[in-house]
Amino acid sequence: MKVISLAQVRDTIKDLVQKANFELQDDVLEVIKEMEKKEESPAGKEVFKQILENSRIAKEEKLGLCQDTGLAVFFVEIGEDVELKKENGLGSLKEAITEGTRTGYEEGYLRKSVVEDPIRRKNTGDNTPAYIHWELVPGDSFKVTFIAKGGGAENMSAVRMFAPAAGMEGIEDFVVETADKGGSNPCPPIVVGVGVGGNFEYSALLAKKALLRRPLGSHNSDPFYADMEKRLLERINDLGIGPQGMGGRITALAVHVESFPCHIASMPAAVNIQCHSHRVMNFEL
Amino acid sequence: MAEHRIETPVSDELITNLRAGDKVFITGYLYTGRDSAHKKLIDLVNEGKELPIDVKGQFIYYVGPTPARPGKPIGSAGPTTSYRMDSFAPTLHALGLKGTIGKGSRNEEVKESLKKYKAVYLAAVGGAGALISKSIEGAEVIAYSELGPEAIRKVEVKDFPCIVINDMYGGDLYEEGKKQYKRD
């Protein structure tokens, strides 16, 4: 039986949300630098230069890479054999994650971007609630993945319920169409997470999980979906939208596709768009 | 593509010189505002009341910055997506607002409004909020402090870097750029 301290979870998350918002991770920087070489448009090259300069300043001065420091989204994988040690007034894992988020956003001078009601829109003032997805697994692992998800790119995302007859082409057209419709809005060059299959809500969750795959730009282990990722990246980059929408060769940094079994009558697909400031970090205890 | 160094407030004549794709460096003051602040401003206009800011000759920067660290005027401060303010922009142009700064495309009503009222739409680089904060030398909340990051601020800028997306002649950098690099 592995024992995990809730105080340690809280403190790790407090540091993680700050670090993710101040520093682009190496895999992301690598893709950005690789794509910068492929960009041909003068405006696009200038954008890449500013993105890299921005990442240097943000890291040095512990400033948000972007002013939209995002909703704090967590995927938690917890083994059935893990025992949680309640301490320091922390009564649950959810409380530990919430406290880590709250104090991390406060102490890191990160923006509070959550309103307590979608229609009445009063800011909660501490960037909570955190958005937590739980997965219970056999064994004693404890893994957390965090993504700081900005609103601008999230707003350009989409879910569609296809008839199976639409096939691979139907889904690929939908992904390209979603990127095209987003245009300059989601801060291209974007990262595109695609969820295929599952059901209505599962497809959206798969699309978000697809964004979390590391290193950025690595391919699905199934060659069928790896090929789809390569085709989609090329088609999206042929749209010409370019960095920040000002025209160019690089509209997307990467496309990740995840799939799951689905109903005989259905073929759901979801596209989760992420901006170039791709702030994903993981930890294990 | 021309480069312009301009100071706020600006005249109509200055706006006539700006073309889609031009670089613009702004020195002076900008007002900040985004979703909630715009709703409040437009409610005041509809009620025939006075606004807390005089928009004549000015620019509004669509931004909700991160909190400033001690000794700094502002935190990370890049542009937010502009289309959410599309329904508000023409009303403010009619009151003399000369420009808006954000990122992402505007609708036809806003583009028509730019022609009608001689105004421009500029973009700053989205996701470069740390870099952009270097062009901001001062910031003061002047209305709706209860909105937190969405409050209206008067920010002092020096050589604040932007690019003209939509000019008053119907030019659109997003459309032109995409056309140039699209492959079928």
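Here are a few things to note about the model shown:
- Take the conditions (1) touching a helix residue (DSSP H, G or I) at 6+ places or on another chain (Cβ under 8 Å); (2) touching a residue at least 60 places away in the same chain (Cβ under 8 Å); (3) of a type in the set (Val, Ile, Thr); A:VAL28 misses just one of them, which is (1).
- Here is the figure for the stretch A:181-202: residues that are within 14 Å of chain B (Cβ to nearest Cβ) and on the phi > 0 side of the Ramachandran plot total 2.
- Extreme residue, nearest to the chain's Cα centre (by Cα), among residues of the stretch B:45-80 that are facing chain A (nearest Cβ under 9 Å) and of a type in the set (S, T, N, Q): B:THR80
- When the criteria are applied in full, A:ILE241 meets the requirement of being touching a Lys or Arg at 6+ places or on another chain (Cβ under 7 Å) and on the phi < 0 side of the Ramachandran plot.
- Exactly one residue out of B:LYS72, B:LYS56 is loosely packed, with under 15 Cβ neighbours inside 10 Å, under 27 Å from A:CYS275 (Cα atoms) and either out of contact with any Ser or Thr (no Cβ under 7 Å at 6 or more places or on another chain) or modelled with pLDDT of 95 or more (or both): that is B:LYS72.
- Residues in the stretch B:37-77 that are out of contact with any strand residue (DSSP E or B) (no Cβ under 9 Å at 6 or more places or on another chain) and polar (S, T, N, Q): B:ASN46, B:THR66, B:SER76.
- Looking across B:ASP167, B:ASP172, B:ASP159, one residue alone is within 30 Å of A:GLY247 (Cβ to Cβ), within 11 Å of another protein chain (Cβ to nearest Cβ) and either touching a residue at least 60 places away in the same chain (Cβ under 8 Å) or in contact with a helix residue (DSSP H, G or I) (Cβ under 7 Å, 6 or more places away or on another chain) (or both). It is B:ASP172.
- Search result, residues across the stretch B:18-48 that are exposed (fewer than 13 other Cβ atoms within 10 Å of the Cβ) and not in a helix (DSSP H, G or I): B:GLU47, B:GLY48
- In the stretch B:78-113, the residues that are buried (at least 21 other Cβ atoms within 10 Å of the Cβ), of a type in the set (Gly, Ala, Ser) and either without any contact (Cβ under 8 Å) to a residue 60 or more places away in the chain or in contact with a strand residue (DSSP E or B) (Cβ under 6 Å, 6 or more places away or on another chain) (or both): B:GLY78, B:SER82, B:ALA89, B:GLY99, B:GLY102, B:GLY104, B:SER113
- One residue from A:GLY152, A:GLY125 being in a loop (DSSP other than H, G, I, E, B) and either of a type in the set (Gly, Ala, Ser) or closer than 28 Å to A:ILE78 by Cβ (or both): A:GLY125
- Residue in the stretch B:138-152 that is within 14 Å of another protein chain (Cβ to nearest Cβ), surrounded by fewer than 23 Cβ atoms within 10 Å (Cβ to Cβ), among the aromatic types (Phe, Trp, Tyr) and closer than 30 Å to A:LEU24 by Cα present: no
- For B:LEU41, the conditions (1) in contact with a helix residue (DSSP H, G or I) (Cβ under 9 Å, 6 or more places away or on another chain); (2) away from chain A (no Cβ under 14 Å); (3) within 19 Å of B:GLY21 (Cα to Cα) are fulfilled apart from (3).
Yes/no per residue for (1) crowded, with 19+ Cβ neighbours inside 10 Å; (2) acidic (Asp, Glu); (3) more than 25 Å from A:CYS66 (Cα to Cα):
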{"residue": "A:GLY245", "(1), (2), (3)": "yes, no, no"}
{"residue": "A:ALA252", "(1), (2), (3)": "yes, no, no"}
{"residue": "A:HIS256", "(1), (2), (3)": "yes, no, no"}
{"residue": "A:SER259", "(1), (2), (3)": "yes, no, yes"}
{"residue": "A:HIS263", "(1), (2), (3)": "no, no, yes"}
{"residue": "A:SER266", "(1), (2), (3)": "no, no, yes"}
{"residue": "A:ALA269", "(1), (2), (3)": "yes, no, yes"}
{"residue": "A:HIS278", "(1), (2), (3)": "yes, no, no"}
{"residue": "A:LEU285", "(1), (2), (3)": "no, no, yes"}
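- Any hit, the stretch B:104-117, residues being within 13 Å of the chain's Cα centre (by Cα), at positive phi and not acidic (Asp, Glu): yes
- Candidates A:VAL9, A:VAL17, A:VAL76, filtered to the one that is within 14 Å of chain B (Cβ to nearest Cβ) and over 21 Å from A:GLY245 (Cβ atoms): A:VAL17
The values are calculated or read from the model by the stated rules, or taken from the named source; none is laboratory data. Please read these numbers as outputs of a predicted model, since none were measured by experiment. FYI the Cβ positions are ideal-geometry reconstructions off the backbone, even for glycines, and counts take in every protein chain you see.
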